[in-house]
Structures are given as C-alpha cells and as structure tokens.
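Novice: A single structure is presented below for examination.
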Amino acid sequence: MRGKMTLHDEMTAMGQRALAASRQLALLSARRKNSILAAMADRMISDQQAIQQANDQDMAAGRQAGLSAALLDRLQLTGARIENVAQGLRDVAALPDPVGRAIRRWTRPSGGVRPSGGVRPSGGVRPNGLQIVKRRVPIGVIGIIYESRPNVTADAAALCFKTSNAVILRGGKEAARSNEAIVQAIITGGRHKGLPMDAIQLIQTPDHDAIRELVQLEGLVDLVIPRGGEALIRAVMEHARVPVIKHYKGVCHVFVDQSADPAMALAIIENAKCQRPGVCNAIEKVLVHEAIAASFLPRMAERLQARGVELRGDEAARRILPAIKAAAEEDWTAEYLDLVLAVRIVPSVKAAVEHINRYGSHHSDAIVAASAAAQKLFTGEVDSACVYVNASTRFTDGGEFGMGAEIGISTDKLHARGPMGPEELTTYKYVINGTGQVRA
C-alpha cells in the first residue's frame, strides 16, 4: 500500500502542478485574462460575508495571541476593505498587459550577408542583417511568502495571473482563515471564465518547513518573493536554491534640513508616522539638522505626543526633550510598526545620509528642504529604492505610483527595485528573425 506523502512530496507536487499551469497561462490572451480577473472581483463581493466571517475568526485569535493594535489593523478585513480588494482586482484587469510587449527592436545592417551562408568579414562588429526583438515574457512560477495582511493574497494572485505567472502563496498563520477564504473566492470566480487549474495555489500547512521546501524547488519555482520581517527574510535566504527578491522591513526616515519649512515638515512627519503606523512605508526615524533642532523638536513632540506617539531620542535630542526615552543602539535599526519614533540630531545633510545608509533598510527615505543643494545631495547619495523630496514616504505604493496593485516593495537591486507592478513580474527573451544567415 502506498505510504502517506511527505511534506517534500507534497511541495514537489505543488510545484509540478504550478509549472504545468504556467504553460497554459502563457497561451491566454489579455482579453481572456481580464475577463477572468473581473469574475474574481465579482466573486469576492458575492463571498464577502464568508470572507469577513473567516477574518473575524483570525481577528479573535490575534487578540487572544496579544497582537498589537497596529498588527491587528493590518490583519482586519472590513466590508470596505474587501470592496477595495475587489476593486484592486478590477484595477489590475484595466492595466496594460506587459506580456508579449516589445521592449526594443532593431535590425542589424546586412553588410553583404548572403542568405545561403556567411558574413563578409568587416572587422569589429560584423553586420549580419538579423532582425532582433527584445520581448517581455512571464517569469513562470513565482512563490510569494508574506505575513499578516490578507489583502496581499488577492493582490499577489491577481498580479501574477495578469502577467501569466503561476503563483504559490504562503501567508502568515495569523491570517490563515482569511487567506483560505480569499483564495477560494478568486479561484471559484476565475474557473467559471477559464482560469487554468492550479494557476493559483495556497500552502495551507502551518509547518514552517513548507517555506524551506518551497524555496528549494529548483526547476519548478523560478522566483521567490518574501515579504516580511527580518526573521522571515533570514529563513528564506538561508535555505533558498531559487532566485529571491527580498521585500524587507521598512526602516524609513524623514530628515528635516535647516532650510525646511517647519509646518511642511511637521505635516509630513505626522502623516508618515501616524496615518497607518503598521505598514512598511511608515517612518520609524526622524533626523533633524542641529541648526533648527531647538525650535523644531518641541513643536514636533507636542504634535506627535497628541497622537499617542512614543518618542525615543539620542543624547542631543534629550537635552531639548528631557522627558522622552533614551534611544538604544538597536532603536536605529528597529521597525516598530507602531506609534513609536526614534529621533536623532545630525550636523549636516551628509551626516543624515550616512545615518540612513548605515541603519536604514533601503526602502523609502525623505528629505524636507528648500535648499536645492541639500535636495541634490540627499537624492544622489541615499541608497534606497524610493527617495522623496518634500513628500511623505507613505506614497511608496504601486497604486500611488500609477502601477495599479503591487506585489510589494523590493529592497533589492536586481532585477526589480521599489514597488513591483506587472512589468517587474516579467522577464524577457530575444526573438531573432533571419533569412537564412549562418555565422562565418
């Protein structure tokens, strides 16, 4: 009698099914894919009650487990948020399909090419008469590992499907019931319009070894995208045998230059910290130029403490704000995802840049400044995916950038950086047309 499948066997079978589905996805037209996405959105709305009931169970378990208010906010799916998720599916359907698009095309000079063979030597780059097109194609099979936000489930599935990629999803245990309900809705809706079997799969086992197995599926999984904290990223990188694009924590900064408009700086800091403190594009640190610290910090403290923000400062900041907590070394690299903010006084723009490049996570960082020289130095030297001038870091988002939904914010440099929309979920191939040329 056949024995029970091991986790390795189950994950391998899932990868094989995804690979087969990716071959079918490559054949779907843009119109068919958009029809399927619309059906997924409709099903999200018709299944809204079931999704919300599943989320209520996750929320109750999260409260019992002691999740913070910010993490519970990330987890919660209200009726309005479910409608927003469904609208996100429709927004993805409305986006241009990058698959098959020519990135570049060119024709090499003929230079005496004879169709039956040979190129006349000319020295240097030889003409050959070939017509070359660099064309966008799907990556293939993508594994996405993420934590408590269940809306990521629908966004990731939609974007991978739009770009003809099969996807294997692994959400956090906090949102297990919500993720299952969302996946059930989009698969059921999509199947009615021709969604290939196994194009979207959800890993349902809570076993952490499933992540290790997923990232080792060489030949079956083409790319893994982890979205989450340091422990998750480290676990993925330690075991990965397939390419990985990291969506790392958001240790985001605002630097207030001596040339800044104080009212603008206060509004940006309040928005970037308080609007949604539990998301990765919220700021965790504020750096203030020493020339304005004495006048600016008391105003900032009054405004933020009225919003319930706990401030932690370096020694110089605490001389101005003696009531705030002392910042420890680990505060400068911490992603709080809560109403906590670390503050440091710096002597120059250069010092701010050095601090951000040392302690930041290369996500999103901002300068508030009127000085063009300060802006130029900051944007030129801060090594982050998104660098802002006089604007909140909360805009680091595919929708705000006009990309529609996003798969996440890449803090890597290859092959994608910053918000990852449809184009970032494709690779390319060269298609070469000739008339019988052979190389001499």
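The values are calculated or read from the model by the stated rules, or taken from the named source; none is laboratory data. Just so we're clear, the structure is a prediction, and the values are computed from it rather than from any experiment. Every residue, glycine among them, receives a Cβ derived from its backbone with ideal geometry; neighbour counts consider all protein chains shown. Just the protein is used for accessible areas: all its heavy atoms, side chains included, with ligands, DNA and RNA removed. Shrake-Rupley method; radii C 1.70, N 1.55, O 1.52, S 1.80 Å.
Novice: For residue 170, state whether it is at pLDDT 95 or above and not aromatic (Phe, Trp, Tyr).
Specialist: Yes; evaluated as a whole, the condition is true for this residue.
Novice: Among the residues of segment 128-147, what is the count of those that are more than 16 Å from residue 242 (Cβ to Cβ) and surrounded by fewer than 24 Cβ atoms within 10 Å (Cβ to Cβ)?
Specialist: Matching residues across segment 128-147 total 11.
Novice: Within segment 149-173, count every residue that is of a type in the set (A, V, I, L, M, F, W, C) and touching a strand residue (DSSP E or B) at 6+ places or on another chain (Cβ under 6 Å).
Specialist: Residues in segment 149-173 being of a type in the set (A, V, I, L, M, F, W, C) and touching a strand residue (DSSP E or B) at 6+ places or on another chain (Cβ under 6 Å): 8 in total.
Novice: Please go through (1) touching a strand residue (DSSP E or B) at 6+ places or on another chain (Cβ under 6 Å); (2) farther than 26 Å from residue 94 by Cβ; (3) among the aliphatic types (A, V, I, L, M) for residue 176 and return the number of the only condition it doesn't satisfy.
Specialist: Result: residue 176 fails condition (1) only.
Novice: Hey, can you tell me all the residues within segment 338-374 that are among the hydrophobic types (A, V, I, L, M, F, W, C), open to solvent by less than 30 Å² (accessible area, probe 1.4 Å) and either under 25 Å from residue 73 (Cβ atoms) or part of a helix (DSSP H, G or I) (or both)?
Specialist: Once the filter is applied, which keeps residues that are among the hydrophobic types (A, V, I, L, M, F, W, C), open to solvent by less than 30 Å² (accessible area, probe 1.4 Å) and either under 25 Å from residue 73 (Cβ atoms) or part of a helix (DSSP H, G or I) (or both), segment 338-374 yields 340, 341, 342, 343, 349, 351, 352, 353, 356, 366, 374.
Novice: What are the residue pairs meeting all of these: first residue in segment 174-191, first residue over 15 Å from residue 59 (Cα atoms) and open to solvent by 60 Å² or more (accessible area, probe 1.4 Å), second residue charged (D, E, K, R) and at pLDDT 95 or above, Cβ atoms under 8 Å, and 6 or more apart or on different chains?
Specialist: From segment 174-191, the pairs are 184/47.
Novice: Then there's this: Can you list the helices (runs of 4 or more DSSP H) found entirely within segment 194-274 that contain at least 1 residues being more than 30 Å from residue 369 (Cα to Cα) and in contact with a strand residue (DSSP E or B) (Cβ under 9 Å, 6 or more places away or on another chain)?
Specialist: Hits in segment 194-274: 209-214, 230-239.
Novice: Still on this structure, please answer the following. For segment 214-224, does any single residue satisfy the condition of being in contact (Cβ under 8 Å) with a residue 40 or more places away in the chain and closer than 30 Å to residue 393 by Cα?
Specialist: yes
Novice: Only one residue in 196, 206 is at pLDDT below 95 and either more than 22 Å from the chain's Cα centre (by Cα) or open to solvent by less than 10 Å² (accessible area, probe 1.4 Å) (or both). Which one?
Specialist: 206
Novice: If you check every pair at least six apart or on different chains, which have Cβ atoms under 7 Å apart with a residue in segment 366-380 that is at positive phi first and a residue that is modelled with pLDDT of 95 or more and crowded, with 24+ Cβ neighbours inside 10 Å second?
Specialist: Correct list of pairs: empty, since none qualify.
Novice: Checking the condition exposed (fewer than 15 other Cβ atoms within 10 Å of the Cβ), without any contact (Cβ under 8 Å) to a residue 24 or more places away in the chain and closer than 18 Å to residue 334 by Cβ, which residue from 306, 231, 267, 263 passes?
Specialist: After applying the criteria, what remains is 231.
Novice: Can I ask one more? Output the residue which, of all residues in segment 321-345 that are charged (D, E, K, R) and under 14 Å from residue 284 (Cβ atoms), is nearest to the chain's Cα centre (by Cα).
Specialist: Among residues in segment 321-345 that are charged (D, E, K, R) and under 14 Å from residue 284 (Cβ atoms), the one nearest to the chain's Cα centre (by Cα) is 335.
Novice: From the list 412, 383, 365, which one is among the charged types (D, E, K, R) and in contact with a Lys or Arg (Cβ under 6 Å, 6 or more places away or on another chain)?
Specialist: Going through 412, 383, 365 in turn, the sole match is 412.
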